[in-house]
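What follows is a set of notes on a single structure, which appears directly below.
What follows draws every value from the coordinates through simple rules; no lab data is involved. Everything quoted here is computed from the prediction, not taken from an experiment. Cβ atoms come from the backbone with ideal geometry, glycine included; neighbour counts cover every protein chain shown.
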Amino acid sequence: MSTETTSVDTSSKLADIERNVDHELGLDCPDDEFLTPFKRYFLGMYYKIKVNSSRYWLISPYFLLASILSGILSLCLSASLSISENFHNQHHNFYTSNSLTYLTVPLGFAFEVLIIRTIFVGCGGSGIPAAMIMYHKDPDPLSNASKYVSLRILIGKFLLTWFTLWLGGSAGKEGPTAIISGSIFIVTLSLYLRYIPGSSAQFRSSSTGSSTPYVKLALASGAGSGIAAAFNTILGGFVFAVEEFSGYYDPSYGRMLTISVAGSVGAYYGFNALLESGSSGTLRNYALPFYGSVTVTGDLFAGNMLYISIVNGVTLGLLGGLNAQALLLLLEVKSWTSRKSPHLAYAWAIACGVLFVSLASNASTGDTYAASLFGNGDSAVVQALSSNNYCASTKTEGYISAWFGIAKATATLLTYLSGTCGGIFAPTFSTASGFATLTYCGLWKEALSTVDASFCVISGTASYFSGFTGSPMTTFALITGMVYVKGTAEEQMMYMAGTLISSIVGSHCSAFITPVKLYERMSHILLEGYEKDKPAPETSWSWAIWVRERCFPDLPGSTFVRVAESSDETTGETQEDNVEMGTFKKEWDKLRELDFFPNYY
């Protein structure tokens, strides 16, 4: 009895909906079995356009606006850090031959840790693991955004990254840039939800009624935009966002991510052009490939290229995995000591600072690669790729010491363990170029004397970096976007194929040593620290609380979103939703409940 009643009710509801919409579409006609599929098709498209058009008109401008702001701020960070990079290149003896650095660097690291534990809480390290916690683990990411991405995190990352690199730390800008960009997206989203009429209804999933999917999409888009702007490659930022932040999928994901990454890099290039047009040529041309270009000078026989790619992938991939495992083990040891006493963080900072200065002063005196031990080490990669004298025995252009890869890896490890702010992508590229050059000089130059040297270096760099991060597609996209190959189309394809093979082989081989990807494991360690570590007493100092609350208030839109979603739970649908979506959304929901459309709708 109940089944028949339900069937009658369903049929009558469906008939009423069809009659109303037929009249609006001008499809009033006698029922015909042949016309029914076409009526359903036009009806479905009609409702999809009505429901989604207003949503896209509100969502797309937000992503474009946030991406432009992200690109501008990324350019500002890059331009400011290039000053410290030039200082390292020209005055590296200031760090290597000055005994005062034994005092300034350790105390500088300790001071930065103090600032992180009082004012800029959560700004230590790369920041990408914290963003992954927010993306994958936090059930209410926007309400808890102040832990991971916020206005305070944005300012803190900018200032502290600049401070770390001026101290001489071996750190990069890409992790902080990704978090700065993610913070821009989240802060802009909060303001958007607060002040744009009707945005609360549009930034909500049609299936769950929650804004969380769009918050996660904004975070992933921001991180991808930051990586794209930091390395001057749209494809690299896009692939990074997909490979590292792939827990949420929506049909609009790819569209919005493309708008974000392209808008960020476009703003980066555009404002850089404006700056350079009014300068004297001292600014770096950020619109060029990040690591410049290479010229094909040797043979690119397919069989040799495959052989080199596989061997580099196995050997250097395992080496990258060993480096990643060492970093993870030391991070776990540091986390364990923090549970014993929160004050040991300063001991770590001072000890790492002393060891870092000792390494730099003892290993690099008089060496042309001394400057690359400090900062992100971009000059080492550029010199390794552009030199025609890879295996020189004297300190000439293109010379790279056998110890450089180990020294740069150790310097990066010490800087990250100190607890300061900075990324590990760029220093790891520098480390990879050192090991790749050593592999070419020690193996491939003797075994295959006519092989192209640049290919061997790029293949080795991709192998090591992929083994270190466990992200082969991100490695491939970044390297192919950062390095331009001067040659024929066939030679360029050979380079790309070799880079892809090396990245995949290196990632799979490193999995035997590091089964979990680097950032994923780092996020687990960080999350465990949130749950088990003793709180730092400096965080609760009265002046620190006053600065955090007065200078960096909570996101203005978070409370607004919570109120809107709580009203949904109690009443089912708010008055604002009725006004914004109108009868079309209600009718569309009815059709979905009645399973009116085929699966492909």
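Some points to look at:
- Modelled label positions at residue 94 and residue 447, each set 7 Å beyond Cα in the direction of Cβ, lie 4.4 nm from each other.
- Extended-chain gain in nm, criterion 0.36 nm per residue less alpha-carbon gap, residue 104 and residue 80: 6.5 nm
- Based on C-alpha pairs under 8 angstrom that are at least 6 apart in sequence, segment 471-556 has a relative contact order of 27 percent.
- Other-chain or far-sequence residues with amide H under 5 Å of residue 294's (modelled H): 484, 485, 486
- Rough spin-label spacing in nm, given labels placed 7 Å along Cα→Cβ, for residue 362 and residue 511: 3.9 nm
- Peptides ranked, highest mean first, by Cβ atoms within 10 Å: ranges 414-421, 117-124: 414-421, 117-124
- Binned Cα-Cα distances of segment 474-551, short to long, each 5 Å bin given as a whole percent: 3, 11, 12, 12, 10, 10, 8, 8, 9, 8, 5, 4, 1
- Gain upon complete extension [residue 295, residue 344; 0.36 nm per residue less C-alpha separation]: 12.7 nm
- Gyration tensor (alpha-carbon) shape descriptor, segment 98-190, a/c threshold 1.5: prolate
- Nitroxide proxy distance, nm - points 7 Å out along Cα→Cβ at residue 539 and residue 322: 3.7 nm
- Assigned charges on the beta-carbon of Lys, Arg, Asp, Glu; segment 416-523 dipole about Cα centre (debye): 260 debye
- Charge-dipole axis of segment 404-532 as Lys and Arg at +1 and Asp and Glu at -1 on Cβ define it, positive-most pick from 502, 461, 523: 523
- Extension gain for residue 520-residue 488 works out to 7.6 nm (0.36 nm per residue, less the C-alpha to C-alpha distance).
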